[in-house]
Amino acid sequence: MWTPKLIMMNGELMPFGEARLHPLSLAVTYAITVFEGLRAYHDPVTGRFLMFRLDDHVRRLQVGMKLLRFDEVYELDYLRESLRRLIRANEPDSDVYVRLLAYVEGTGLMSTTGPAGFTAAAMPRDKPKFAETGMSLGVSSWHRLSDNASPPRIKSTANYHNARLAALQAKADGYDGALMLTADGRVSEAPIACFFMVRDGRLITPSTSSGILESITRATIITRWRELTGAEVEQRDVDRSELYFADEAFLCGTGQEILPVTMIDRLRVGDGGIGPVTQRVREDYFNIVRGLVPDHPEWRTLV
Ligand SMILES: Cc1ncc(COP(=O)(O)O)c(C=O)c1O
């Protein structure tokens, strides 16, 4: 397994262990940071790496920088080329997970808006835990943040305080993970992934007004489901009690990929196994991200 050699700060490559940020920067003191987790999939036959929906990740980061009123919003071309350069410089020999963070590196008062800085790191990442076995979720008593308080739609570091509380509670309570509800009791998302459920063959996911991150994996599944089946994914409010009607459920995200959910609140989801819809979505997802089918070449960027 390869190890990260070089990290990138503000476009400069340096030894991984030498990255530094001032503790009084706004990035640290007030969590004025937005970030992305991306993947580059390795093809062992050709040796090439394909980054999945790179431009969409950068665009979401740019909206986050705009919303937080950073002095500078990095250009798409610049970040795209920086990440490709970073991956090549690390000479990986298997799948790559990339963290890209943009922040206010300046020190000062809370409303300081610059100078902005960014860090990008490329790392190996194991297959997500529970990918083969499925996982149990507990509905959290921590509510998901609301859009008008700390918008979950953007991937801001500050939002993960809320997510972490839910994740730690779930662990303490003996679940594999948490599922959060909005303040008015609708299903929202998991701490680091979006939620889908299946009822009578229909695929359902909470709408983007349910306090969720605008997930790129979620959007991918919605598009592919339409293309594969001709049916729309139902994007709507999901009451908590509807969870217990699900035949199947899964979480999705760049890091988590597709994770089957087999129990919610210690009640079996369907028959407690990994169902056919989840398997179909998962198989298609890996075919797409690894370029094993020719569809959507615009989603894959050659490193
Ligand atoms: C809170 C949250 N929701 C959803 C997702 C999935 O988003 P994406 O599919 O863009 O990786 C993530 C992943 O980072 C996340 O942190």
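For segment 179-212, a tally of residues being within 12 Å of the ligand (Cβ to nearest atom) and closer than 12 Å to Arg153 by Cα returns 7. Would you confirm, using the coordinates I've provided, whether Ala163 is surrounded by 21 or more Cβ atoms within 10 Å (Cβ to Cβ), part of a helix (DSSP H, G or I) and in contact (Cβ under 8 Å) with a residue 12 or more places away in the chain? Yes; evaluated as a whole, the condition is true for this residue. The residue of segment 240-285 that is farthest from Ala131 (Cα to Cα), among those that are within 16 Å of the ligand (Cβ to nearest atom) and open to solvent by 30 Å² or more (accessible area, probe 1.4 Å), is Arg282. Of all residues in segment 191-209, those satisfying the criterion of being farther than 15 Å from Ser141 by Cβ and touching a Leu at 6+ places or on another chain (Cβ under 9 Å) are Ile192, Ala193, Cys194, Phe195, Phe196, Met197. Tell me, yes or no, whether segment 111-123 has at least one residue that is farther than 30 Å from Leu6 by Cβ and crowded, with 18+ Cβ neighbours inside 10 Å. No: zero hits. The listed residues are Arg99, Arg53, Arg48, and the only one of them that is modelled with pLDDT of 95 or more, under 26 Å from Ala193 (Cα atoms), surrounded by fewer than 20 Cβ atoms within 10 Å (Cβ to Cβ) and in contact with a Leu (Cβ under 9 Å, 6 or more places away or on another chain) turns out to be Arg99.
Considering only segment 277-295, state which residues are in contact (Cβ under 8 Å) with a residue 24 or more places away in the chain and not hydrophobic (A, V, I, L, M, F, W, C). Within segment 277-295, Thr278, Arg280, Arg282, Asp284, Tyr285, Arg290, Gly291, Asp295 qualify. Just one of the numbered conditions (1) open to solvent by less than 10 Å² (accessible area, probe 1.4 Å); (2) more than 15 Å from the chain's Cα centre (by Cα); (3) touching a residue at least 40 places away in the same chain (Cβ under 8 Å) is not true of Pro206: (3). Among residues of segment 36-60 that are within 15 Å of Asn90 (Cβ to Cβ) and away from the ligand (no atom under 12 Å from the Cβ), those with a Cβ under 7 angstrom from a residue that is among the small types (Gly, Ala, Ser) and assigned to a loop (DSSP other than H, G, I, E, B), sequence gap 6+ or separate chain, pair up as His42/Ser94.
The values are calculated or read from the model by the stated rules, or taken from the named source; none is laboratory data. It should be emphasised that the depicted structure is a prediction, and the values quoted were computed from it without experimental measurement. We place every Cβ from the backbone using ideal geometry, glycine too, and count neighbours over all the protein chains shown. Only protein heavy atoms, including side chains, enter the accessible area calculation; ligands, DNA and RNA are left aside. Shrake-Rupley method; radii C 1.70, N 1.55, O 1.52, S 1.80 Å.
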